[in-house]
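Scroll down for the structure; my scribbles are underneath it.
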């Protein structure tokens, strides 16, 4: 069946008389875009990272690994790597677990599901907006909604945005609050799990929890994987929240690497240093992505037909 | 047995309970923001968790609108000056790219597609420095060109990915008929493939509209003069201008900033849900 299909397509392609190069023609815009706005910048970043390049300093010099050694010897920079890791480690699992949990509740046939789905989705659709960061800053003020609600339950006020112990948590929660898009993806995946499997399992006496962990989870591992990788990439690029709400403070507690790249590149125009930081960030994201892809064989279940 | 029975009966109630509590956490902050924008001053805002103002007033809206050098509407307008070209460029280039990947065979196609998809995972911050230097050399700084032009070259490969997933499912026989009628490949794209891909194209447009009107880092890097500020930067300006910070003004303008996006979202909800699900599920 499949082979026949492919044969039909192949012969059809010949029939439509498409020249060998017509495809490249349509691909041209992307190829230019890739070369100019992706490939060149990534190579140039690597190159600049070994220089003292500054926009206002015309004499460009190679400095070898100096930018990198500066980073590894400076508590400020090392701190930002710690902050970024903590941010990702806190945000990604919380967001995914929550998104999956809510998606599985929404997956039952209940009245008014659409209303809830919309309500949960709105924050992540608007999430990147400065206005949402403003809202978040507003909520966690000394007399903001969070502390006011706390007081009703006799919880003493917390200086959420001024106490270095809590600021990163506040920034993380902004992203966890935006679990909506991950949830929508999970929900679509859950709807794709064949109901016969659940029926068969309940005949065999499996309870709901067993069904969830032994049928649902294995079948949606490709989607868990997809969400995991996209969320890791997003977490390491976080910028708006810490930049707008806390400006990286207090005491560097929310200074993510992306903030330091921005400061170096566009405040002091120290492009060499910014490039070294950017390249390190790139390596971290690349290594994590590669690890995730390599680990796929161990835990991600792909349907035979799909492959 | 009895306990089990009771538990089963109360399950829907528990589920509703969870949904309502979570829904409360999702919506209440936003409602509080909208409510507070109608309150008279900080003292009133920070003295109650209630949404409704004692004496609702539009004062914050009018004073916030005129609080900076330009009327707030100007910043809103600026936003769409680059968002609309960007949406158009994204759709055009992503459709062409997806068409090439799904309807043609050529050498190194699989390799090129893998490269295309792998750039999905490339963090934008890594590209910012050389891109900035490039745009600086072209004298494009302090204009919208750095925000618009790349989108005409399919740099947001997420949209290519979504369109490829969709176009793959389209049958070949219509194109064949069009071919027999004498359509060349561009005509087949225009008359056959593009109309069939419309649902995916619409959701790409909606997402790009949303994402680029919310974009903050791009304008922050490339747009310097206040005259060209989009809403994202205008709002920041208002926050900085407000010494002592009159929250109702800032919140009122936040509401104004979000309003167009909210309207678009509610008009096209299903498209958003289907679009994001399509991107994730088939990958």
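The values are calculated or read from the model by the stated rules, or taken from the named source; none is laboratory data. Computed from a predicted model, the values in this text were never measured in an experiment. So basically every Cβ, Gly included, is an ideal-geometry build from the backbone, and we count neighbours across all protein chains shown.
Checking residue B:111 against (1) within 23 Å of the chain's Cα centre (by Cα); (2) more than 9 Å from chain A (Cβ to nearest Cβ); (3) in a helix (DSSP H, G or I); (4) surrounded by fewer than 23 Cβ atoms within 10 Å (Cβ to Cβ): exactly one of these is not met. Which one?
The number of the failed condition is (1).
Please enumerate the residues belonging to region B:182-200 that are under 23 Å from residue B:271 (Cβ atoms) and either in contact with a helix residue (DSSP H, G or I) (Cβ under 6 Å, 6 or more places away or on another chain) or surrounded by 20 or more Cβ atoms within 10 Å (Cβ to Cβ) (or both).
B:189, B:192, B:193, B:197, B:200 - these are the residues of region B:182-200 that are under 23 Å from residue B:271 (Cβ atoms) and either in contact with a helix residue (DSSP H, G or I) (Cβ under 6 Å, 6 or more places away or on another chain) or surrounded by 20 or more Cβ atoms within 10 Å (Cβ to Cβ) (or both).
Which residue is farthest from residue B:79 (Cα to Cα), if the candidates are limited to region A:125-136 and must be more than 7 Å from every other protein chain (Cβ to nearest Cβ) and at pLDDT 90 or above?
The residue in question is A:136.
If I ask for residues that are surrounded by fewer than 23 Cβ atoms within 10 Å (Cβ to Cβ) and assigned to a helix (DSSP H, G or I), which ones from region B:223-237 would you list?
Within region B:223-237, B:226, B:227, B:228, B:233, B:236, B:237 qualify.
Hey, could you check region B:18-52 for residues that are over 31 Å from the mean Cα position of the chain (by Cα) and more than 9 Å from chain A (Cβ to nearest Cβ) and say which is surrounded by the fewest Cβ atoms within 10 Å (Cβ to Cβ)?
Selected residue: B:43.
Return the residues of region A:191-221 that are more than 9 Å from chain B (Cβ to nearest Cβ) and outside any helix (DSSP H, G or I); say none if nothing qualifies.
Once the filter is applied, which keeps residues that are more than 9 Å from chain B (Cβ to nearest Cβ) and outside any helix (DSSP H, G or I), region A:191-221 yields A:193, A:194, A:204, A:205, A:206, A:207, A:220.
What number goes with the only condition from (1) under 17 Å from the mean Cα position of the chain (by Cα); (2) surrounded by fewer than 15 Cβ atoms within 10 Å (Cβ to Cβ) that residue B:203 does not pass?
If we test residue B:203 against (1) under 17 Å from the mean Cα position of the chain (by Cα); (2) surrounded by fewer than 15 Cβ atoms within 10 Å (Cβ to Cβ), just (2) comes out false.
One line per residue, one yes/no per condition, for (1) more than 25 Å from residue B:209 (Cα to Cα); (2) under 21 Å from the mean Cα position of the chain (by Cα); (3) within 11 Å of chain A (Cβ to nearest Cβ):
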| site | (1), (2), (3) |
| --- | --- |
| B:66 | yes, no, no |
| B:70 | no, no, no |
| B:78 | no, yes, no |
| B:83 | no, yes, no |
| B:96 | no, no, yes |
| B:100 | no, no, yes |
| B:122 | no, yes, yes |
| B:132 | no, no, yes |
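Looking at region A:249-258, can you tell me whether even one residue there is free of Cβ contacts under 8 Å to residues at least 12 places away in the same chain and farther than 25 Å from residue A:96 by Cα?
No - not one qualifying residue is present in region A:249-258.
Here is a check on your reading of the model: is residue A:188 under 26 Å from residue A:117 (Cα atoms) and either part of a helix (DSSP H, G or I) or in contact (Cβ under 8 Å) with a residue 12 or more places away in the chain (or both)? Explain how you work it out, then say what you get.
Details: under 26 Å from residue A:117 (Cα atoms): yes; either part of a helix (DSSP H, G or I) or in contact (Cβ under 8 Å) with a residue 12 or more places away in the chain (or both): yes.
Spelling it out, residue A:188 is indeed under 26 Å from residue A:117 (Cα atoms) and either part of a helix (DSSP H, G or I) or in contact (Cβ under 8 Å) with a residue 12 or more places away in the chain (or both).
Among the residues of region B:169-181, are any assigned by TED's automatic domain parsing to the domain that holds residue B:122 and either surrounded by 23 or more Cβ atoms within 10 Å (Cβ to Cβ) or touching a strand residue (DSSP E or B) at 6+ places or on another chain (Cβ under 8 Å) (or both)?
Of region B:169-181, the ones assigned by TED's automatic domain parsing to the domain that holds residue B:122 are B:169-181.
Pick out the ones that are also either surrounded by 23 or more Cβ atoms within 10 Å (Cβ to Cβ) or touching a strand residue (DSSP E or B) at 6+ places or on another chain (Cβ under 8 Å) (or both) and you get none.
No, that holds for no residue.
Looking at region B:241-265 only, could you name the residues that are within 8 Å of chain A (Cβ to nearest Cβ) and within 20 Å of residue A:180 (Cα to Cα)?
Scanning region B:241-265 gives B:258, B:261, B:262, B:265.
Among the listed residues A:152, A:203, A:245, A:146, which satisfies the condition of being over 25 Å from the mean Cα position of the chain (by Cα) and in contact (Cβ under 8 Å) with a residue 12 or more places away in the chain?
Of the residues listed, the single one that is over 25 Å from the mean Cα position of the chain (by Cα) and in contact (Cβ under 8 Å) with a residue 12 or more places away in the chain is A:146.
Would you confirm, using the coordinates I've provided, whether residue A:224 is in a helix (DSSP H, G or I), more than 25 Å from residue B:162 (Cα to Cα) and in contact with a helix residue (DSSP H, G or I) (Cβ under 8 Å, 6 or more places away or on another chain)?
Against the criterion (in a helix (DSSP H, G or I), more than 25 Å from residue B:162 (Cα to Cα) and in contact with a helix residue (DSSP H, G or I) (Cβ under 8 Å, 6 or more places away or on another chain)), residue A:224 does not qualify.
For region B:204-240, what are the residues that are within 12 Å of chain A (Cβ to nearest Cβ) and more than 23 Å from residue B:123 (Cα to Cα)?
Listed by number, the residues that qualify are B:224, B:229, B:230, B:231, B:234, B:235, B:236, B:237, B:238, B:239, B:240.
Of all residues in region A:245-273, count the ones that are over 20 Å from residue A:85 (Cβ atoms) and crowded, with 20+ Cβ neighbours inside 10 Å.
From region A:245-273, those over 20 Å from residue A:85 (Cβ atoms) are A:247, A:265-273; that's our starting set.
Now drop any that are not crowded, with 20+ Cβ neighbours inside 10 Å, which leaves A:265, A:270-273.
Residues in region A:245-273 being over 20 Å from residue A:85 (Cβ atoms) and crowded, with 20+ Cβ neighbours inside 10 Å: 5 in total.
Tally up the residues in region A:265-292 that are within 22 Å of residue A:88 (Cα to Cα) and either touching a helix residue (DSSP H, G or I) at 6+ places or on another chain (Cβ under 8 Å) or not assigned by TED's automatic domain parsing to the domain that holds residue A:235 (or both), please.
Residues that pass the stated criteria total 15.
Going through A:43, A:60, A:65 one at a time, which residue ends up being surrounded by fewer than 15 Cβ atoms within 10 Å (Cβ to Cβ), over 16 Å from the mean Cα position of the chain (by Cα), modelled with pLDDT under 90 and more than 7 Å from every other protein chain (Cβ to nearest Cβ)?
Exactly one of A:43, A:60, A:65 is surrounded by fewer than 15 Cβ atoms within 10 Å (Cβ to Cβ), over 16 Å from the mean Cα position of the chain (by Cα), modelled with pLDDT under 90 and more than 7 Å from every other protein chain (Cβ to nearest Cβ), namely A:60.
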